[in-house]
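Here's the structure we're looking at; comments come further down.
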Ligand SMILES: [Zn+2]
């Protein structure tokens, strides 16, 4: 039994070592393959748009209601935003949270935003993640696990996405 535990720990240690050794940030793709400049992505996931900013749902959400607030202009890094764009993004985050309180029963929310592949940015277009959480969702490790494994999460079906974007659109523009 003791030997089994040691072997298991060594096995997990080896997996972790291999994962850390090969888990390297890839260079950011260029604008031509930017998902947030693709009309098909915006058409299916967008629930808000004005002259500067767009808000859309993540198609593989860490939690239900996981949204992305992006500048309309293709800008790779937050420091390249104009002051007007940065301010508008902030204003829209507040609107998104207000709507999410109603639609997703959101109590708490997490905001995060990455600049550069070295910190894990994968889409070369500024995007602020808004992740809402209900009062009943209290496990912090579960939240971190869901965010870390987001790309393996189940994709929202197109019918579910349509229903969510329509409901959110009317709440955000209220
Ligand atoms: Zn873009």
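Here, each number is a calculation from the coordinates, and none is a lab measurement. Predicted model only: the values in this text are computed from it and were never measured. We place every Cβ from the backbone using ideal geometry, glycine too, and count neighbours over all the protein chains shown.
What to note about this one:
- Rough spin-label spacing in nm, given labels placed 7 Å along Cα→Cβ, for residue 134 and residue 167: 1.1 nm
- Straightening the chain between residue 33 and residue 4 buys 5.7 nm, computed as 0.36 nm per residue apart minus the Cα-Cα spacing.
- Rounded to the nearest 0.05, the FRET efficiency derived from the C-beta distance between residue 141 and residue 84 at R0 = 45 Å is 0.70.
- Placing a pseudo-label 7 Å from each Cα along the Cα-to-Cβ vector at residue 154 and residue 19 gives an inter-label distance of 2.3 nm.
- Gained length - residue 74 relative to residue 119, 0.36 nm times residue gap less alpha-carbon distance: 14.3 nm
- Per-residue ellipticity at 222 nm, computed for the chain from helices alone with -39500 (n - 2.57) per DSSP H run of at least four residues, works out to -13500 deg cm²/dmol.
- Percentage of interatomic Cα-Cα distances in the stretch 9-135 larger than 20 Å: 50 percent
- The stretch 31-172, relative contact order in percent, only Cα pairs under 8 angstrom and at least six apart counted: 32 percent
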